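As structure tokens, the structure follows; a few thoughts come after it.
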Amino acid sequence: MTMHIEQNRDECRGCAVCVAACKKQHGGVAMSTFHKSINEFINCVSCRDLSCIRLCPTGAMHMHFLGVPVVDPDECLGCGYCVDACRNHVPQLIDGKAVKCDMCVDRQLQGKAPYCVKACRRGRLKLIDGVLG
């Protein structure tokens, strides 16, 4: 089982409320990005090769039991291998540690949607069980 957040690009208006909600809930750091020029929401798609996990020398980047790659900040060295490995450039190095979209696993454990999905009033983002690419 792997999870990702899927965007309906054809119906998305590009308001980026999803990213604003994410940023608000994560101390001013957006875990996902929105490229207005191409109307695309970019976040972790839990890709098939999971190179971010495979290349992490400490195991800080690992698969959560909900099927989401997550980072343990206490184990992260800040080497940046996960950043370089991700084709979507999702992990970021902030204050010497890797951070990335964890699809709000804490909310999922409470039966709630990730903040970005909840914020999209038009329902153009969906939490999906499955692998992309």
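Here, each number is a calculation from the coordinates, and none is a lab measurement. Note that the structure is predicted; figures quoted are calculated from it, not measured. Methodologically, a virtual Cβ is constructed for each residue, glycine included, from the backbone with ideal geometry; neighbour enumeration extends over all protein chains shown.
Taking one equal scatterer on every alpha-carbon of segment 44-83, how large is log10 of I(q)/I(0) by Debye at q = 0.14, 0.31 1/Å?
-0.26, -1.16
Residue-wise, which Karplus ³J(HN,Hα) couplings in Hz belong to segment 8-24, taking 6.51 cos²θ - 1.76 cosθ + 1.60, θ = phi - 60°, and x for glycine or proline?
Calculated HN-Hα couplings, in order: 8, 5, 5, 10, 6, 8, x, 6, 6, 4, 4, 6, 4, 5, 4, 4, 4 Hz.
For Leu109 and Leu77, what is the calculated FRET efficiency with R₀ set at 25 Å and r taken between the beta-carbons, to the nearest 0.05?
Working: r = 27 Å, r/R0 = 1.09.
E(calc), rounded to 0.05, equals 0.40.
Hey, got a sec? Which trypsin sites (Lys or Arg not before Pro) in segment 30-133 land in a DSSP loop and have at most 15 other Cβ atoms within 10 Å? Please report the intermediate quantities before stating the final value.
On the way: sites: Lys36, Arg48, Arg54, Arg87, Lys97, Lys100, Arg107, Lys112, Lys118, Arg121, Arg122, Arg124, Lys126; in loops: Arg48, Arg87, Lys100, Lys112, Arg121, Arg122, Arg124.
Sparse-neighbourhood loop trypsin sites (Lys or Arg not before Pro): Arg48, Arg87, Lys112, Arg121, Arg122.
Could you pull out every residue, at least 5 positions away or on a different chain, whose amide H is within less than 5 Å of the one on Glu40? Hs are placed 1.01 Å off N in the peptide plane, and Pro or chain starts have none.
It is His35, by chain and number.
Go ahead and set up a Gaussian network model of the chain, Cα springs under 10 Å, then flag whichever of Ile94, Ile38, Ile53 fluctuates most.
Ile38
Quick one: divide the alpha-carbon radius of gyration of the chain by 2.2 N^0.38 Å and tell me what you get. All intermediate terms of the calculation are to be shown ahead of the outcome.
Working: Rg = 14.1 Å, N = 133, 2.2 N^0.38 = 14.1 Å.
That works out to 1.00 for the chain.
Take the alpha-carbon centre of segment 3-25, take the same for segment 54-80, and report the distance between them in whole Å.
The two parts, judged by their Cα centres, are 24 Å apart.
Counting only pairs 8 or more places apart or on different chains, how many lysine pairs in the chain have C-alpha atoms closer than 22 Å?
Taking the Cα cut-off of 22 Å, the pair count is 20.
May I ask you to derive the relative contact order of the chain, considering only C-alpha pairs under 8 Å and at least 6 residues apart, and to give it as an integer percent?
Details: 241 pairs, mean separation 45.7, N = 133.
Worked out over the chain, it gives 34 percent.
For the charge dipole of the chain, defined by +1 on Lys and Arg C-beta atoms and -1 on Asp and Glu C-beta atoms about the Cα centroid, which residue among Val70, Gly59, Cys18 has the Cα displaced farthest towards the positive pole?
Farthest towards the positive pole: Cys18.
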